[in-house]
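Down below is the structure, laid out as structure tokens.
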Amino acid sequence: MGTASGLRTRRYHALLVVPNPIPARRMVGLVSLDPVLNGTVRIATHEWADGTIAPQGHIFLERFDLVHGLPRWRWRVGETVLERQLAVRHGHSCVAVVHRLLAGPPVELSLEALCAWRDQHGEQHGSIDIDGAIEGAVIANSYRLRGPNWTPDGTWMHGVRHRMEAERGYLATEDLLLAGRFRARLERPGDTLEVTAWAGDLDVEPPPAGTIIDEAMRRNARFDTLGLAADAFIIEGPQGPDVVAGYPWFGAWSRDTMISYEGLFLETGRFDQGRALLKAYAATLNEGMLANTADSGTVGYNTADATLWFVHAIDRHVARTGDTELRHELSPALEQILKAHLEGTRYGIRVDPADGLLWQGAEGEALTWMDARVDGVPVTPRRGKAVEINALWCNALAVLKHELHGKAVASFREAFGGGPWLRDTLDSDAALSNQLRPNQLLAYSLPHSPMDPDPVVLHRIGEALLTPLGLRTLAPGDPDYKPRHAGTLLERDHAYHQGTVWPWLIGPYASAVRKAGGSTAGLFDGLLAHLGEWGLGSVSETCHGDAPHGATGCPFQAWSVAELLRGNRM
């Protein structure tokens, strides 16, 4: 991850980032390879603690392109044109970087290897061991660098600054180790200097860097832009296929995985991988629930909707593929889910026998997708009967063909309807229940939704919440509305679901509009344009509530991509 200019603005920007051992636990290794021409012209770009930008290699940048999703830089220094290409080897912790002379006289090119070995969420301050090796070095006994004419160095570069971390209220500087340099003389156009860095078994050398890039180019050429964006989130974990919720800082989250399932797996034809994922997740059920995430280092079950989204994912898989055998195989898991919710499970999740609706909540917990907490207190307290949770519950009862379905649907319509829009959460503060939020869209958009879409209500929702990049989480004008998702972690959490735009909500909105007989022409234009303006080739997690809706949060978010892909291909 990095920038088109070459300036590292985040602690996450590096060439080799290694899952250790799971996606949420990533280690930053090789940070950069800084080109130097003829010993004097430095093409790299760094910012320092005092705000100085030096060197200023970006002034030589002639163009930047994504070619089948792979970045390519071209710099011009007088008559000399130098190109850089890089790719990660699919399925491996390995990055390949090729510098190629495109035009100009012979040049001496060196690449300075700036290194770290630290958690991706931290900063490098301290020593790193370097072991010399033929054509390269082993760093921190954890990853290896390979390339021609290696010369060790060992100088520490103190006070490298990450301006985005400063904006986000985090420590913004770290120290990097100039481990050494690779060198080559490029005599004529077409000559290259190739470097490979990899972790894992350091004695098993990967293919040449140029071969890795060619293989990545051929593989990526099979995908369109959205298909390639989706591909980035699907990984092979220890238990089989899984989904990274977002880059750079998320790992696997069951809610995100199941909301993303239809877009990432079914719209892209990954039926076998999807089948394996559903079976693997079914094997992890505990007390009728999927774990929320293990990103924090411990397994947490604090989610009221992920398991219901899992039922939805199974239903969509069977409907799209005709795989009734999978439905039969997962019947015990589905029965376990149903039994646990009927009898009651963690965090107060239980069916109210009076109306058949699902209640959820526990002190200090935020169990819906609006899960931000500050000092242990939910920012959007939705304890009780939440509208999207019960839409998912009615949907699940239909999938499971349970006798409670009719009662739950009738109760849903009576309890949540009757106003200018659907109530958000029952058995909670009346003012909060009547807030205009997008959660009600699931009551209209799910395949077995409890209500038929109401064009009048959908118009009100769209008028207040719809933006070119998704839907706001709260209507402007509400006393709790926050127009910007920015500042410190505390400030961002207060705004996270209080007006911030979430691109993934475009999918439920589009489904509801289409079910109501409306048109979605032009609905996705803003998000398709967004593919080229933030996380290049992908869709961000969030955007500011107020125009111009600048992107915030994770630059690459799985459910944002998945729901754009699903909605755009309906």
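Values in this text are rule-based calculations from the coordinates and carry no lab data. These numbers were taken from a predicted model, which means no experiment stands behind them. All Cβ positions, even for glycine, are placed from backbone atoms using ideal geometry, and neighbour counts span all protein chains on display.
Of the helices (runs of 4 or more DSSP H) entirely within the range 499-570, those holding at least 3 residues that are under 15 Å from the mean Cα position of the chain (by Cα) occupy 558-568.
Is it true that ILE43 is surrounded by fewer than 19 Cβ atoms within 10 Å (Cβ to Cβ), in contact with a strand residue (DSSP E or B) (Cβ under 7 Å, 6 or more places away or on another chain) and under 16 Å from SER5 (Cα atoms)? For ILE43, the condition - surrounded by fewer than 19 Cβ atoms within 10 Å (Cβ to Cβ), in contact with a strand residue (DSSP E or B) (Cβ under 7 Å, 6 or more places away or on another chain) and under 16 Å from SER5 (Cα atoms) - is not met. Inside the range 66-108, can you point out the residues that are of a type in the set (Asp, Glu), within 22 Å of THR196 (Cβ to Cβ) and free of Cβ contacts under 8 Å to residues at least 60 places away in the same chain? The one that is of a type in the set (Asp, Glu), within 22 Å of THR196 (Cβ to Cβ) and free of Cβ contacts under 8 Å to residues at least 60 places away in the same chain: GLU83. Residue selection: ALA366 fails the criterion of being assigned to a helix (DSSP H, G or I), out of contact with any helix residue (DSSP H, G or I) (no Cβ under 7 Å at 6 or more places or on another chain), at negative phi and hydrophobic (A, V, I, L, M, F, W, C).
Answer yes or no as to whether THR303 is surrounded by 20 or more Cβ atoms within 10 Å (Cβ to Cβ) and in a helix (DSSP H, G or I). For THR303, the condition - surrounded by 20 or more Cβ atoms within 10 Å (Cβ to Cβ) and in a helix (DSSP H, G or I) - is not met.
Scanning the range 401-415 for residues that are of a type in the set (A, V, I, L, M) and assigned to a loop (DSSP other than H, G, I, E, B) turns up just one, LEU404. Total residues in the range 530-570 satisfying the condition of being surrounded by fewer than 16 Cβ atoms within 10 Å (Cβ to Cβ) and touching a residue at least 40 places away in the same chain (Cβ under 8 Å): the figure is 3. Checking the stated criteria, VAL138 turns out not to satisfy the condition of being assigned to a strand (DSSP E or B), touching a residue at least 60 places away in the same chain (Cβ under 8 Å) and in contact with a Ser or Thr (Cβ under 8 Å, 6 or more places away or on another chain). Taking (1) more than 18 Å from the chain's Cα centre (by Cα); (2) surrounded by fewer than 21 Cβ atoms within 10 Å (Cβ to Cβ); (3) in contact (Cβ under 8 Å) with a residue 60 or more places away in the chain in turn, HIS13 satisfies each apart from (1). Checked across the range 180-192, the condition of being without any contact (Cβ under 8 Å) to a residue 60 or more places away in the chain and surrounded by fewer than 20 Cβ atoms within 10 Å (Cβ to Cβ) holds for no residue.
Residue by residue, here is whether (1) among the aromatic types (Phe, Trp, Tyr); (2) within 28 Å of the chain's Cα centre (by Cα); (3) buried (at least 19 other Cβ atoms within 10 Å of the Cβ); (4) within 27 Å of LEU264 (Cβ to Cβ) holds:
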position	(1), (2), (3), (4)
GLY364	no, yes, no, no
TRP369	yes, yes, yes, yes
VAL374	no, yes, no, no
VAL377	no, yes, no, no
VAL409	no, no, yes, no
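Selection of the range 452-466 for residues being in contact (Cβ under 8 Å) with a residue 60 or more places away in the chain and either crowded, with 21+ Cβ neighbours inside 10 Å or in a helix (DSSP H, G or I) (or both) yields PRO455, LEU458. Within the range 476-497, not a single residue is surrounded by 17 or more Cβ atoms within 10 Å (Cβ to Cβ) and in contact with a Cys (Cβ under 7 Å, 6 or more places away or on another chain).
Given the criteria out of contact with any Lys or Arg (no Cβ under 6 Å at 6 or more places or on another chain) and in a loop (DSSP other than H, G, I, E, B), does GLY356 qualify? Spelling it out, it is not the case that GLY356 is out of contact with any Lys or Arg (no Cβ under 6 Å at 6 or more places or on another chain) and in a loop (DSSP other than H, G, I, E, B). With respect to LEU86, determine if the residue is more than 27 Å from the chain's Cα centre (by Cα) and of a type outside the set (D, E, K, R). Criteria not met by LEU86. Looking at LEU432, LEU474, LEU441, just one residue is under 20 Å from MET370 (Cβ atoms) and part of a loop (DSSP other than H, G, I, E, B), and that residue is LEU474. Counting only strands (runs of 3 or more DSSP E) that fall entirely inside the range 1-119 and contain at least 2 residues that are acidic (Asp, Glu) and in contact with a Lys or Arg (Cβ under 9 Å, 6 or more places away or on another chain), the qualifying elements are 61-67, 107-119. Determine, yes or no, whether TRP156 is over 27 Å from ALA24 (Cα atoms), surrounded by 16 or more Cβ atoms within 10 Å (Cβ to Cβ) and not basic (Lys, Arg). When the stated conditions are applied, TRP156 does not pass them. Inside the range 129-166, residues that are charged (D, E, K, R) and touching a Pro at 6+ places or on another chain (Cβ under 9 Å) make up a count of 2. Just so you know, in the range 414-431 the residues that are touching a helix residue (DSSP H, G or I) at 6+ places or on another chain (Cβ under 9 Å) and charged (D, E, K, R) include one that is farthest from HIS448 (Cα to Cα), and it is ASP427.
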